[in-house]
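The values are calculated or read from the model by the stated rules, or taken from the named source; none is laboratory data. As the structure is a computational prediction, the values presented were derived from the model and not from experiment. All Cβ positions, even for glycine, are placed from backbone atoms using ideal geometry, and neighbour counts span all protein chains on display. What goes into the accessible areas is simple: the full protein's heavy atoms, side chains included, and nothing from ligands, DNA or RNA. Shrake-Rupley method; radii C 1.70, N 1.55, O 1.52, S 1.80 Å.
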Amino acid sequence: MFDFMPIFLDSLPMLFDPTIALLILAGYLVGMIVGALPGLGPTLAFGLVLPFTFLMEPIGAVAFLLSISAAAMYSNSVPAILMGVPGSTAAVMTAIDGYALHRQGKSGLALAVQFVAAAIGQLISIFFFLLLVIPLARLAYYFLAPELFAVFMVGMVAVVSLTGRNLSKGFIAAGIGLAIGVIGFDPVGTTVRLDYGIYALRQGIPVAPALIGLLALSELIRQSRQAFGWKDSAVEFDMKFPKYSALKRLWYPIMSGTVVGTLVGALPGAGGTPAALIAYQQAQIASKTPEEFGNGSIEGIAANEAAQNASNSGELIPTIGFGLPGSGSMALLLGALAAQGFAPGPRFISNNPQLVSGLVAGLLGGTILMVITGWYMSKALLKLVLLNRSAVIILAMGITIVGVYSLQARLFDVVVCIICGIVGYLMLRYGYPPAAAALTAVLSSDIEKNFRVGLNLTRGSYLAFVTRPYTAMILGVALLLAFWGIRGQVKLSRQARTKVAA
Amino acid sequence: VPGIDKDPATDERPGIDKDQVTDIVVAVVFTALGLLIAVTAWRTPEPFRSVDVLGPNRFPLLVGAGIAILGIFVIVKQVYLAVTKTFQKGSFEIPGQAGDEPDVPASGLRAGIVSALLFGHVLLWETLGFLLSSMLFVIVSMRLMKESSWKLTIGSAVGYTVVMFVMFTLLLGVALPLGFTEPIFVRFGLVDAIR
């Protein structure tokens, strides 16, 4: 039960290591800035900085990345409250309730609720993460190729919950991710296949540039559709921290938001947005004043914010426990770890406890910085949002490209990144979820490898995938999740639409 | 930028929506990609193997065929929709689409041109060099994004290029291509000759 303590305790001295502390601070600033810019979330931030992490020590790199996600999930709500524009989709409900409060002149209250809920949600969820991930990882000790294949199938099912309302398009997106993995290189026979005579393709399509293209560049290209001219809108508001009595009734929504956020975040493919929406709904059901929801409910903001930040820890559970990225940013985290020479997967925790401490240090450090400076950052962040967006978008494109080039100094990587960026843009615009493609692109070669090695292990018996107890169990979970995912996704997207429309 | 941003008010005749057509074109492209992979995997001869049950071509075949079949399904559905139903211009909604922010002019053409510029400027790195080609990219793209201040545009272009160059090439040792400007930097000892 308490075997997570050593990992947690090991993370504390890391906070005082000058290099790691500096990286956490840098991550915090990057996360704050990128999170606050409308439309840009932690995934894009990860995509931007990923190439730089290859230059860092692995522990510092993971602390840096997690500090980004802690900060981004806080800062995306600042423009949501003060301008009604969520920094990323997870803050949609905060945008509705928070902006309503802002227009009622209660900006200080909304910002304070957001600040408190985000900090508490983030802190508590770190312990949930450790509590859940270690038993899971221990289970993985019994896994052979067929079981691993089953685990990766669970990850594939994640795709279902990312598909949105058009299942066939969702699966096409997943297929494109798999295709990125199959081109060029056979992971079992280590022979060349499908290289189409292009020499550079013989090693396969490089995963990190492809991911950065699909997840980060695609979003930037999409933003370049619009010519923003927000420079002139001035925003004035009062910022006074409310008394404790005003925040007293928030305990329940914050706590339930934290639990829901961690658990939903842990479901592969779910991530911050559904976590926040479900927590919001849960808080509304439990609230004594459900009619306030949608018109400036502080309970709603609290639940949403706690869940958003808790999902940071939740998403790490499948990512670190099994090597299954639950979201776009987690796919990039796995990419960063893989490039550092770590194989995320069932044995990751037992082999690299210090890296898990690094993850915890990042989340913890980011949260501590948020507690100290977050309140004062709000005003500065608002200035940043009003900054010239055209310049931000174009320069971010440039930085992404140079970053990808710096990976191996190969123009081929940059070409892959831009092509994937354009494909990702088309996917964003025409209802194919690029996150699904990114997810399967990460998993593709592992799925194929474990399926084929498993098949060789059982001498060609497909039946063994159902009769081996763990395999059957995990595949059963995958089926359940698929069912839950299809149902939940349809329901949630419908709700979100009516709420936004209203 | 004249010609890119249309006034939505004057652009509302019924008929097939432009988005509807592109939706089908995108599905056709993805289907073709699936077919290409499936057919290549199908036609690749199986290598000799002793224990590998499936071989290297079955999984790609499955993936390609899956994309193609679903793609054909999407195409048929969308074509059927386009033939049987008329949409008011701009009212065609694509489920799951990442929509534009309201009240801000949007244009797919601009996104296309910016992507093309991004691609083009990278191809020019080896001849023009990173410095010049990136500055050009930033200036042209920011003008396309309707940035009206020349001061900011040129400032961003120069600032970005110089910071990237100093950080990557001078500090981190990543050799960004310098093209024809390379001899100048070599002359002043900033970078090593032909790496």
**Asked** What's the number of the condition B:Gly129 fails, among (1) open to solvent by less than 20 Å² (accessible area, probe 1.4 Å); (2) more than 9 Å from chain A (Cβ to nearest Cβ); (3) of a type outside the set (A, V, I, L, M, F, W, C); (4) free of Cβ contacts under 8 Å to residues at least 40 places away in the same chain?
**Response** (4)
**Request:** Can you work out which of the residues in the range A:199-231 that are modelled with pLDDT of 85 or more and assigned to a loop (DSSP other than H, G, I, E, B) is nearest to A:Leu50 (Cα to Cα)?
**Result:** A:Pro206
**Prompt:** Here is a list of conditions, (1) open to solvent by 10 Å² or more (accessible area, probe 1.4 Å); (2) farther than 30 Å from A:Lys248 by Cα, and A:Phe293 meets all of them except one; can you say which number that is?
**Reply:** (2)
**Message:** Quick check on B:Thr44: is it among the polar types (S, T, N, Q) and in contact (Cβ under 8 Å) with a residue 40 or more places away in the chain?
**Reply:** no
**Request:** Please find, within the range A:362-396, the residue that is modelled with the highest pLDDT out of those that are among the hydroxyl-bearing types (Ser, Thr, Tyr) and open to solvent by less than 40 Å² (accessible area, probe 1.4 Å).
**Result:** A:Thr367
**Item:** Among (1) open to solvent by 40 Å² or more (accessible area, probe 1.4 Å); (2) more than 9 Å from every other protein chain (Cβ to nearest Cβ); (3) touching a residue at least 60 places away in the same chain (Cβ under 8 Å); (4) more than 28 Å from B:Val162 (Cβ to Cβ), the one test that A:Ile419 misses
**Value:** (2)
**Counted residues, the range A:217-229 - those being of a type outside the set (D, E, K, R), surrounded by 22 or more Cβ atoms within 10 Å (Cβ to Cβ) and out of contact with any Ser or Thr (no Cβ under 6 Å at 6 or more places or on another chain)** = 5
**Asked** So which residues in the range A:80-99 are farther than 21 Å from A:Gly257 by Cα and in contact (Cβ under 8 Å) with a residue 24 or more places away in the chain, if there are any at all?
**Response** A:Leu82, A:Met83, A:Val85
**Count of residues meeting criterion [part of a loop (DSSP other than H, G, I, E, B) and within 8 Å of chain A (Cβ to nearest Cβ)] in the range B:136-170** = 3
**Request:** From the list A:Leu37, A:Leu50, A:Leu25, pick out the single residue that is open to solvent by less than 10 Å² (accessible area, probe 1.4 Å) and in contact (Cβ under 8 Å) with a residue 60 or more places away in the chain.
**Result:** A:Leu50
**Fill in**
Picking from B:Thr127, B:Thr181, B:Thr153, B:Thr161, the residue that is under 20 Å from A:Gln223 (Cα atoms) and at pLDDT 80 or above would be B:Thr153
**Complete:** Of (1) within 26 Å of A:Ile401 (Cβ to Cβ); (2) assigned to a helix (DSSP H, G or I); (3) modelled with pLDDT of 85 or more, A:Met56 satisfies every one except (2)
**Prompt:** Could you list, in sequence order, the residues of the range B:132-149 that are surrounded by 20 or more Cβ atoms within 10 Å (Cβ to Cβ) and within 19 Å of B:Ser107 (Cβ to Cβ)?
**Reply:** B:Phe137, B:Ser141, B:Met142, B:Leu144, B:Met145, B:Glu147
**Request:** May I ask you to list pairs of residues, at least six apart or on different chains, whose Cβ atoms are under 6 Å apart, with the first in the range A:183-201 being at the interface with another protein chain (Cβ under 7 Å from one of its Cβ atoms) and open to solvent by 30 Å² or more (accessible area, probe 1.4 Å) and the second being modelled with pLDDT of 80 or more and not in a loop (DSSP other than H, G, I, E, B)?
**Result:** A:Val188/A:Lys449; A:Val188/A:Arg452
**Fill in**
When every residue in the range A:70-99 that is at pLDDT 85 or above and of a type in the set (Gly, Ala, Ser) is compared, the one surrounded by the fewest Cβ atoms within 10 Å (Cβ to Cβ) is A:Ser75
**Complete:** Counting only residues that are within 9 Å of chain A (Cβ to nearest Cβ) and over 30 Å from A:Thr89 (Cα atoms), the range B:101-126 contains a total of 5
**Fill in**
The helices (runs of 4 or more DSSP H) lying entirely within the range B:17-135 that contain at least 1 residues which are acidic (Asp, Glu) and closer than 26 Å to A:Gly177 by Cβ are B:18-43
**Message:** Checking the conditions here, which among B:Ala175, B:Ala98 is facing another protein chain (nearest Cβ under 9 Å), in contact with a Leu (Cβ under 7 Å, 6 or more places away or on another chain) and either farther than 17 Å from A:Val414 by Cα or surrounded by 15 or more Cβ atoms within 10 Å (Cβ to Cβ) (or both)?
**Reply:** B:Ala98
**Message:** Looking only at the range B:81-95, how many residues end up being surrounded by fewer than 18 Cβ atoms within 10 Å (Cβ to Cβ), of a type in the set (Val, Ile, Thr) and at pLDDT 75 or above?
**Reply:** 2
**Message:** For the range B:17-73, give me the residue count where each residue is among the polar types (S, T, N, Q) and more than 9 Å from every other protein chain (Cβ to nearest Cβ).
**Reply:** 2
**Message:** If the requirement is being out of contact with any strand residue (DSSP E or B) (no Cβ under 8 Å at 6 or more places or on another chain), surrounded by fewer than 24 Cβ atoms within 10 Å (Cβ to Cβ), modelled with pLDDT under 80 and among the aliphatic types (A, V, I, L, M), which of these qualifies: A:Ala286, A:Ala343, A:Ala270?
**Reply:** A:Ala343
**Request:** Hey, can you tell me all the residues within the range A:447-475 that are open to solvent by 30 Å² or more (accessible area, probe 1.4 Å), away from every other protein chain (no Cβ under 12 Å) and either assigned to a helix (DSSP H, G or I) or in contact (Cβ under 8 Å) with a residue 24 or more places away in the chain (or both)?
**Result:** A:Val466, A:Thr467, A:Arg468, A:Pro469, A:Tyr470, A:Ala472, A:Met473, A:Leu475
**Verdict on A:Gly431 being in a helix (DSSP H, G or I) and either within 7 Å of chain B (Cβ to nearest Cβ) or under 22 Å from the mean Cα position of the chain (by Cα) (or both)** = no
